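K.L.:
Take this structure, written in structure tokens, and hold onto it; I'll ask about it next.
The values are calculated or read from the model by the stated rules, or taken from the named source; none is laboratory data. Since we're looking at a predicted model, the values are computed, not measured. Positions of Cβ are generated from backbone atoms using ideal geometry, with glycine treated the same way; all protein chains shown enter the neighbour counts. For accessibility, only protein heavy atoms count, side chains too; no ligands or nucleic acids. Shrake-Rupley method; radii C 1.70, N 1.55, O 1.52, S 1.80 Å.
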Amino acid sequence: MRRKAVALLAYPLVAASTEEPDAVDALLARVAAWDEQQPHDVLTEFSAHVRKTIAGREGMSRLEGQILRTLETPARTTRAARHFLCRELSVIGSVASVNLLARFLKDATVADMACYALARIPDASAGEALRKALAETAGLLRLSVVGALGERRDAHAVAALKGLMGSADEAVFNAAVGALAKIADPAALSALRAALAGVPHVRREALQRACLGAADAAADKGAARGVYLQLLDADARPAIRIGALHGLAAVDEKAARPALVKNLRDQNADMQAAAITLLNRQQGDEITVLLVKEYPALSAIGQCRVLRALADRGDVAARPLVVDAAKRGGGELRVAALASLGKLGDASAVPLLAEIAAITTGVEQVAARDGLTVLRGSGVDAAIAAGIGSANGKLRLEFIAAAGERAAPDSASPLMAAAQGTDPETAQAALRALRSAAGPEHAPALLDLVLHIGNAGHRREAAMTLASVLKRSPDPPIAPLLAAHQASADKQIRLTLLDVMGQASAPGALPVLRASLKDPDPDVARAAILALTAWQTADPLRDLLAVAVTEANSTRQILALRGFIKLMAAPTNRAPGETAALLREGWQLARQTPEKRAILALLPLFATGESMRLAEAAASDPAVAREATLAAETLRALGVR
């Protein structure tokens with residue numbers, strides 16, 4: 001806060017008596033007559049002038065004097081105006097304001113705001129005036145004075161405030177300890193600590209909270225440490241003791257360690273959780289050793305928290321404990337151990353995690369699977385690959401699922417072997433895992449599976465995996481796929497391969513799909529439409545539009561139109577106007593409401609006059625009037641007219 005550094009010697013001399021009242025005086029005259037029933041405009045105007053004066057750093061003394069002259073005769077001001085002007089002095093006041101504000105401390109109508117202003121005037125004389133008033137006031141006014149001394153953090157008031165802690169008045173006691181907590185110098189802390197020993201039970205919690213607040217605010221960390229330790233030994237509520245633990249750990253980690261260990265064993269779950277959290281924040285191998293040592297004596301929930309803490313530390317020295325807990329534990333404890341093992345384990349943990357995933361259900365199974373997914377370190381993927389080749393039944397399925405989740409290339413070969421096996425469930429799981437684990441080099445083997453799997457469902461899985469592998473390849477090896485499509489006499493296989501071509505979106509497949517659009521077999525033509533609809537770029541856009549224009553079969557015409565609308569949203573270098581013209585062509589072909597709505601939803605993406613004209617024309621169609629109106633409004637918001 002910016003304040004005038006040079007004190008006024010006598011505020012009446014700031015402005016010459018012969019000087020005519022200026023605009024500020026006129027404004028102050030209006031402020032002086034203001035009361036709560038009137039609009040606040042005049043107060044807002046005056047406050048703005050005060051802030052402007054402070055920002056300019058000029059005229060502050062003059063303005064302060066003008067305020068003081070207005071306040072000098074209380075009879076000429078309303079109570080509301082005195083309150084407001086005292087508040088303004090809290091912003092702009094200097095030593096020149098202290099005498100008048102001190103006199104106001106004896107005026108019950110404005111004393112509380114005088115305290116507020118004196119609390120914020122930095123000159124030492126303001127504190128002196130408040131200390132003097134402390135001995136001369138009572139009741140609510142004394143409480144205001146005590147609060148102001150606390151706000152000032154007035155170290156000279158500590159002795160007097162200490163005396164007030166013995167008051168029989170509960171409000172005075174609370175105000176005094178609150179003020180001492182804000183002052184928070186060694187003397188204030190000492191006064192608060194001394195009072196802890198003999199304070200009545202009904203006042204103990206308020207005093208303990210004040211001690212905690214004082215320690216948190218104290219600049220002297222040694223004094224604060226003593227308060228925290230005293231509170232931890234006191235009969236305090238867990239919330240206060242937790243605050244003391246946090247404070248002690250912040251000022252002195254080593255001094256806090258014995259207290260943290262003690263509270264690690266506390267029966268109160270919140271205290272224990274705080275101790276574990278704070279210990280875990282400390283660096284050093286000795287903390288891991290300490291947590292492992294304390295683990296057996298803790299409650300189940302405490303053990304869960306320690307396991308999670310050890311996982312967060314990432315110290316592999318805790319691995320044997322975590323492995324043992326995963327083997328022996330159950331329920332929440334095992335879940336915590338499995339989650340920790342995922343972070344601390346290595347390749348040796350793979351068989352255990354897979355086995356638990358295979359024999360459990362629910363949250364334990366999920367935790368074991370998650371552990372396999374996040375497990376890091378050399379040899380982990382190799383261990384999973386080995387498990388795929390050696391295990392059977394549910395255990396093998398867990399290894400397969402883990403390989404897929406990890407997208408582990410090391411597992412691709414054993415996964416291919418499993419996919420080619422005779423067990424349907426294993427083969428299907430392996431095919432799904434291969435979608436993320438296989439690379440382009442596995443495309444020929446996957447194509448071979450598509451060509452030779454008899455089960456239609458499994459063939460579909462193999463086709464989706466082949467499409468996924470081709471899609472991820474920067475240069476999809478599409479030639480074998482095209483050759484297989486040409487050579488196959490099996491209609492279902494040819495339809496499946498058309499679908500793979502569309503999903504893979506390899507440019508080399510476009511000629512085949514375009515030719516298939518004209519195939520006399522309606523199933524082939526339909527499959528080609530769907531394949532082009534799945535294309536990842538806008539290249540087949542006009543092919544689908546042409547089908548939508550010429551196709552006599554209504555089902556295939558609608559499919560082609562929907563594919564065209566879908567590809568309109570694909571990235572392209574077309575000018576917005578050209579795109580809007582294409583959408584109009586699509587609109588003219590649309591016969592059903594869903595397609596019309598889809599076209600209208602695209603219009604705001606291409607903000608042109610053509611789009612606006614289409615939206616406005618569509619508003620006459622009752623089935624899509626609302627959507628058309630919304631599209632037009634959006635286009636207007638984008639500046640299209």
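K.L.:
Could you tell me whether A456 is crowded, with 19+ Cβ neighbours inside 10 Å and modelled with pLDDT under 95?
P.N.:
Numbers: crowded, with 19+ Cβ neighbours inside 10 Å: no; modelled with pLDDT under 95: yes.
In short, no.
K.L.:
Among all residue pairs at least 6 apart or on different chains, which show Cβ distances below 6 Å where the first residue, located in the range 246-274, is of a type outside the set (A, V, I, L, M, F, W, C) and the second is in a helix (DSSP H, G or I) and open to solvent by less than 20 Å² (accessible area, probe 1.4 Å)?
P.N.:
From residues that are of a type outside the set (A, V, I, L, M, F, W, C), the pairs are G247/A215; G247/Y228; N263/M271; N263/A275; D266/Q272; Q272/G302.
K.L.:
Here's another thing I want to ask about it. Scanning for something over 19 Å from D185 (Cα atoms), part of a helix (DSSP H, G or I) and open to solvent by 40 Å² or more (accessible area, probe 1.4 Å), does the range 271-282 turn up at least one residue? Break it down into steps so the answer makes sense when it comes.
P.N.:
Restricting attention to the range 271-282, the residues satisfying the condition of being over 19 Å from D185 (Cα atoms) are 271-282.
Filter once more, keeping what is part of a helix (DSSP H, G or I): 271-281.
Checking which are open to solvent by 40 Å² or more (accessible area, probe 1.4 Å) leaves us with 277, 281.
Taking every residue of the range 271-282 in turn, at least one turns out to be over 19 Å from D185 (Cα atoms), part of a helix (DSSP H, G or I) and open to solvent by 40 Å² or more (accessible area, probe 1.4 Å).
K.L.:
Another one. What is the number of the single condition among (1) open to solvent by 40 Å² or more (accessible area, probe 1.4 Å); (2) within 26 Å of P122 (Cα to Cα) that A96 does not meet?
P.N.:
Among (1) open to solvent by 40 Å² or more (accessible area, probe 1.4 Å); (2) within 26 Å of P122 (Cα to Cα), the lone unmet condition for A96 is (1).
K.L.:
Take the residues in the range 536-562 that are in a helix (DSSP H, G or I), open to solvent by 60 Å² or more (accessible area, probe 1.4 Å) and not polar (S, T, N, Q), then tell me which one is nearest to P520 (Cα to Cα). Write out each step before concluding.
P.N.:
Of all residues in the range 536-562, those in a helix (DSSP H, G or I) come to 541-550, 554-562.
Okay, now just the ones that are also open to solvent by 60 Å² or more (accessible area, probe 1.4 Å), so 542, 549-550, 554-555, 562.
From what is left, the residues that are not polar (S, T, N, Q) are 542, 549, 562.
Numbers: R542: 20, V549: 17, R562: 21 Å.
Taking the candidates together, the pick is V549.
K.L.:
Right, A504: open to solvent by less than 30 Å² (accessible area, probe 1.4 Å) and in contact (Cβ under 8 Å) with a residue 40 or more places away in the chain or not?
P.N.:
no
K.L.:
What number of residues within the range 475-494 are of a type in the set (K, R) and either part of a loop (DSSP other than H, G, I, E, B) or over 50 Å from the mean Cα position of the chain (by Cα) (or both)? Can you show your working first?
P.N.:
Let us first name the residues in the range 475-494 that are of a type in the set (K, R), namely 491, 494.
Subsequent filtering for residues that are either part of a loop (DSSP other than H, G, I, E, B) or over 50 Å from the mean Cα position of the chain (by Cα) (or both) retains 491.
Here the count works out to 1.
K.L.:
So, one more: Could you please give the count of residues in the range 466-481 that are of a type outside the set (G, A, S), under 16 Å from L495 (Cα atoms) and buried (at least 23 other Cβ atoms within 10 Å of the Cβ)?
P.N.:
2
K.L.:
List, please: which pairs have Cβ atoms under 7 Å, are six or more places apart or on different chains, and start with a residue in the range 48-59 that is in a loop (DSSP other than H, G, I, E, B) and end with one that is open to solvent by less than 60 Å² (accessible area, probe 1.4 Å) and among the β-branched types (V, I, T)?
P.N.:
G59/T53
K.L.:
Pick from A259, A236, A244: which is buried (at least 16 other Cβ atoms within 10 Å of the Cβ) and either assigned to a loop (DSSP other than H, G, I, E, B) or among the polar types (S, T, N, Q) (or both)? Talk me through it step by step, then tell me what you get.
P.N.:
Working: A259 fails: either assigned to a loop (DSSP other than H, G, I, E, B) or among the polar types (S, T, N, Q) (or both); A244 fails: either assigned to a loop (DSSP other than H, G, I, E, B) or among the polar types (S, T, N, Q) (or both).
Checking each option against the conditions leaves just A236.
K.L.:
Does A445 qualify as being open to solvent by less than 50 Å² (accessible area, probe 1.4 Å), within 13 Å of M416 (Cβ to Cβ) and touching a residue at least 24 places away in the same chain (Cβ under 8 Å)?
P.N.:
Values: open to solvent by less than 50 Å² (accessible area, probe 1.4 Å): yes; within 13 Å of M416 (Cβ to Cβ): yes; touching a residue at least 24 places away in the same chain (Cβ under 8 Å): yes.
The answer is yes for A445.
K.L.:
Could I ask something else about it? Given the conditions (1) closer than 19 Å to L130 by Cβ; (2) assigned to a helix (DSSP H, G or I), which single one is not true for T109?
P.N.:
Among (1) closer than 19 Å to L130 by Cβ; (2) assigned to a helix (DSSP H, G or I), T109 violates only (2).
K.L.:
Also: Please go through the range 164-211 and pick out each residue that is hydrophobic (A, V, I, L, M, F, W, C), open to solvent by 70 Å² or more (accessible area, probe 1.4 Å) and under 17 Å from L229 (Cβ atoms). Before you say what the answer is, go through the steps one by one.
P.N.:
Initially, the range 164-211 is screened for residues hydrophobic (A, V, I, L, M, F, W, C), giving 164-165, 168, 171-173, 175-177, 179-181, 183-184, 187-189, 191-192, 194-197, 199, 202, 206-207, 210-211.
Cutting the leftovers down to open to solvent by 70 Å² or more (accessible area, probe 1.4 Å) gives us 168, 197, 202.
Once the filter is applied, which keeps residues that are hydrophobic (A, V, I, L, M, F, W, C), open to solvent by 70 Å² or more (accessible area, probe 1.4 Å) and under 17 Å from L229 (Cβ atoms), the range 164-211 yields only A197.
K.L.:
Still on this structure, please answer the following. Is there any pair with a first residue in the range 463-484 that is in contact (Cβ under 8 Å) with a residue 12 or more places away in the chain and a second that is among the polar types (S, T, N, Q) and open to solvent by 30 Å² or more (accessible area, probe 1.4 Å) whose Cβ atoms are under 8 Å apart and which are 6 or more apart or on different chains, and what are they?
P.N.:
Cβ pairs passing all conditions: M464/Q503; A467/Q503; S468/S436; S468/Q503; L470/Q503; K471/Q503; K471/Q536.
K.L.:
Moving to a separate point now. Report, by residue number, each residue of the range 378-390 that is in contact with a helix residue (DSSP H, G or I) (Cβ under 6 Å, 6 or more places away or on another chain) and open to solvent by 10 Å² or more (accessible area, probe 1.4 Å).
P.N.:
Going through the range 378-390, the residues in contact with a helix residue (DSSP H, G or I) (Cβ under 6 Å, 6 or more places away or on another chain) turn out to be 379-385, 387-389.
Correct list: G379, D381, A382, A383, A385, G389.
K.L.:
Continuing with this model, one more query. Here are the criteria: (1) over 29 Å from A218 (Cβ atoms); (2) crowded, with 20+ Cβ neighbours inside 10 Å. Tell me which single one A300 does not satisfy.
P.N.:
Here A300 meets the rest and fails (2).
K.L.:
So, in the range 576-601, exactly how many residues are under 15 Å from V640 (Cβ atoms) and surrounded by 19 or more Cβ atoms within 10 Å (Cβ to Cβ)?
P.N.:
Of the residues in the range 576-601, 4 are under 15 Å from V640 (Cβ atoms) and surrounded by 19 or more Cβ atoms within 10 Å (Cβ to Cβ).
K.L.:
How many residues does the range 563-582 hold that are closer than 18 Å to L614 by Cα and not in a helix (DSSP H, G or I)?
P.N.:
2
K.L.:
Tell me which of these I121 doesn't satisfy, since it passes every other one: (1) buried (at least 21 other Cβ atoms within 10 Å of the Cβ); (2) over 22 Å from R87 (Cβ atoms).
P.N.:
(2)
K.L.:
What are the residues in the range 133-146 that are in a helix (DSSP H, G or I) and either modelled with pLDDT of 95 or more or among the aliphatic types (A, V, I, L, M) (or both), if any? First the steps, then the outcome.
P.N.:
We begin by selecting, within the range 133-146, every residue in a helix (DSSP H, G or I); these are 133-136, 139-146.
A133, L134, A135, L140, L141, L143, V145, V146, listed by residue number.
K.L.:
When the range 602-629 is examined, which residues are found to be surrounded by 17 or more Cβ atoms within 10 Å (Cβ to Cβ) and either closer than 17 Å to K566 by Cβ or within 37 Å of the chain's Cα centre (by Cα) (or both)?
P.N.:
Matches in the range 602-629: L602, L603, P604, F606, A607, E627.
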